[in-house]
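Engineer: One structure, as structure tokens, below. Some questions next.
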Amino acid sequence: MSLYMVVERFKNGDPAPVYRRFRERGRLAPAGLSYISSWVHEKLDRCYQLMETDDPVLLNEWIKHWHDIVDFEVFPVITSEQALSRVSPQL
């Protein structure tokens, strides 16, 4: 499984439409895309969300449900442990 850090910027800096939709309809993630955790900026204008999937196309399917109220950036990430493993031969 691959990890993705998703940066969500709430359009117009307004979190209310995002939380309203989440309350009414849930995360709207397709099967095969798993939510791991998230952190919200203290200004409530963006969210950093960690997602996991074997199929990155599922991220686009999920984003389609939110793109009208959220702007997205998606970054493939690895754990610190994985990063250390990759760098260790160079140390």
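Engineer: Mean residue ellipticity at 222 nm from the helices of the chain, using -39,500 (n - 2.57) per DSSP H segment of n ≥ 4 over the full residue count, to the nearest 500 deg cm²/dmol?
Structural biologist: Numbers: 3 runs with 26 residues, N = 91.
Result for the chain: -8000 deg cm²/dmol, rounded to the nearest 500.
Engineer: Right, next: Per 5 Å bin, what percent of the C-alpha pairs of the stretch 2-90 does each bin hold, from zero upward?
Structural biologist: Here the calculated profile for the stretch 2-90 is 3, 13, 22, 25, 16, 9, 6, 4, 2, 0.
Engineer: How much length is gained on full extension from residue 7 to residue 20, taking 0.36 nm per residue of separation minus their Cα-Cα distance?
Structural biologist: This chain segment gains 2.8 nm when fully extended.
Engineer: Something else about it: Amide H to amide H, which residues 5 or more places from residue 77 or on other chains are under 5 Å from it, using H placed in the peptide plane?
Structural biologist: 3, 4, 5
Engineer: Further, regarding this structure: When only DSSP loop residues count, what trypsin sites (Lys or Arg not before Pro) in the stretch 33-75 have their Cβ near at most 14 other Cβ atoms within 10 Å?
Structural biologist: Answer in residue order: 43.
Engineer: Between residue 40 and residue 54, what length in nm is gained on full extension when 0.36 nm per residue of separation is reduced by their alpha carbon distance?
Structural biologist: Gain in length upon complete extension: 2.5 nm.
Engineer: When the chain is treated as a GNM, springs tying every alpha-carbon pair under 10 Å, which of 71, 45, 55 comes out with the largest mean-square fluctuation?
Structural biologist: So, out of 71, 45, 55, the one fluctuating most is 55.
Bear in mind these aren't lab numbers, they're just calculated from the coordinates by the rules spelled out. Note that this is a predicted model, so its numbers are computed, not measured. Methodologically, a virtual Cβ is constructed for each residue, glycine included, from the backbone with ideal geometry; neighbour enumeration extends over all protein chains shown.
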